[in-house]
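First comes the structure, then the notes that go with it.
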Amino acid sequence: MGRWKPDAQGRLAQAAMELFSERGFEQTTVADIAQRAGLTERTFFRHFSDKREVLFPAGTWFRDQFVEAVTAAPTGATPLEAVMLAVNAAATALERETGRERAAMRQRIILANPELRERELSKMADVAAAIAAAQRGRGVEEPTASLTAELGIAAFRVAFERWVADGEQHSLPELIDQSLAGIAAAVA
């Protein structure tokens, strides 16, 4: 068997999430995370630029789920239908890749820290801007492109908050469908 245990990045992320939950984000250091994972601080910085990146990965995977689905929407789809497809695609991917328990843990950590809440809002604003740009790429004019993007993000946020709540039994895509149905009824 090899000298090093595999999946250093996953072990660091798990250790960070545990420590953030136990001690709080501000009270947890990179040294604490590395020690819990059985690794060095140097190894931590090979995988993450700082401890916030554990919660907010530098990649664009989440945003791309929305954009790809808007871009792939059928030509005849209305702007709202295209966004509805995108929100459903992103919800399905997030539930599959992250899972409810990890998403709920992440959400609790973010809600406990004003700086992290601000960063989360900024990330979601970036997603909305990317959706609006994808809508414009489909020929949707302003302000419809931005309005439908913001409606999609609102539906996602409401459904996500319900999904990570204690005792919720519905899947994230089911809750997305409920949110989108509420929006469709409101704008009909």
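The values are calculated or read from the model by the stated rules, or taken from the named source; none is laboratory data. Since this is a predicted model, take the numbers as computed values, not measurements. No Cβ is skipped: glycine too gets one built from the backbone with ideal geometry, and neighbour counts run over all protein chains shown.
Quick look at the values:
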{"read-out": "Meets criteria (over 14 Å from the mean Cα position of the chain (by Cα), more than 16 Å from F66 (Cβ to Cβ) and not in a helix (DSSP H, G or I)) for A186", "value": "no"}
{"read-out": "Verdict on A93 being outside any loop (DSSP other than H, G, I, E, B), farther than 19 Å from E120 by Cβ and in contact (Cβ under 8 Å) with a residue 24 or more places away in the chain", "value": "no"}
{"read-out": "Among residues of the stretch 42-61, those that are more than 13 Å from A13 (Cα to Cα) and at pLDDT 90 or above, counted", "value": "1"}
{"read-out": "Complete set of residues in the stretch 42-98 that are more than 20 Å from the chain's Cα centre (by Cα) and outside the structural domain of F156 (by TED's automatic domain parsing)", "value": "R42, T43, F44, F45, R46"}
{"read-out": "Residue count for the stretch 1-11, restricted to those that are part of a helix (DSSP H, G or I) and in contact with a helix residue (DSSP H, G or I) (Cβ under 8 Å, 6 or more places away or on another chain)", "value": "3"}
{"read-out": "Near pairs, Cβ below 7 angstrom, 6+ apart or cross-chain, from the stretch 119-136 (free of Cβ contacts under 8 Å to residues at least 60 places away in the same chain and within 14 Å of L151 (Cβ to Cβ)) to any residue that is β-branched (V, I, T) and surrounded by fewer than 23 Cβ atoms within 10 Å (Cβ to Cβ)", "value": "M124/I153; A128/I153"}
{"read-out": "From K123, K51, residue being crowded, with 17+ Cβ neighbours inside 10 Å and among the basic types (K, R)", "value": "K51"}
{"read-out": "Extreme residue, modelled with the lowest pLDDT, among residues of the stretch 24-41 that are under 26 Å from E97 (Cα atoms), surrounded by fewer than 19 Cβ atoms within 10 Å (Cβ to Cβ) and under 23 Å from the mean Cα position of the chain (by Cα)", "value": "G24"}
{"read-out": "Positions within the stretch 154-166 being surrounded by 22 or more Cβ atoms within 10 Å (Cβ to Cβ) and among the aliphatic types (A, V, I, L, M), in sequence order", "value": "A155, A159"}
{"read-out": "Residue in the stretch 65-81 that is over 20 Å from A128 (Cα atoms), of a type in the set (S, T, N, Q) and either surrounded by fewer than 19 Cβ atoms within 10 Å (Cβ to Cβ) or at pLDDT 95 or above (or both) present", "value": "yes"}
{"read-out": "Scope the stretch 12-28; condition under 11 Å from A112 (Cα atoms) and assigned to a loop (DSSP other than H, G, I, E, B); matching residues", "value": "G24, F25, E26"}
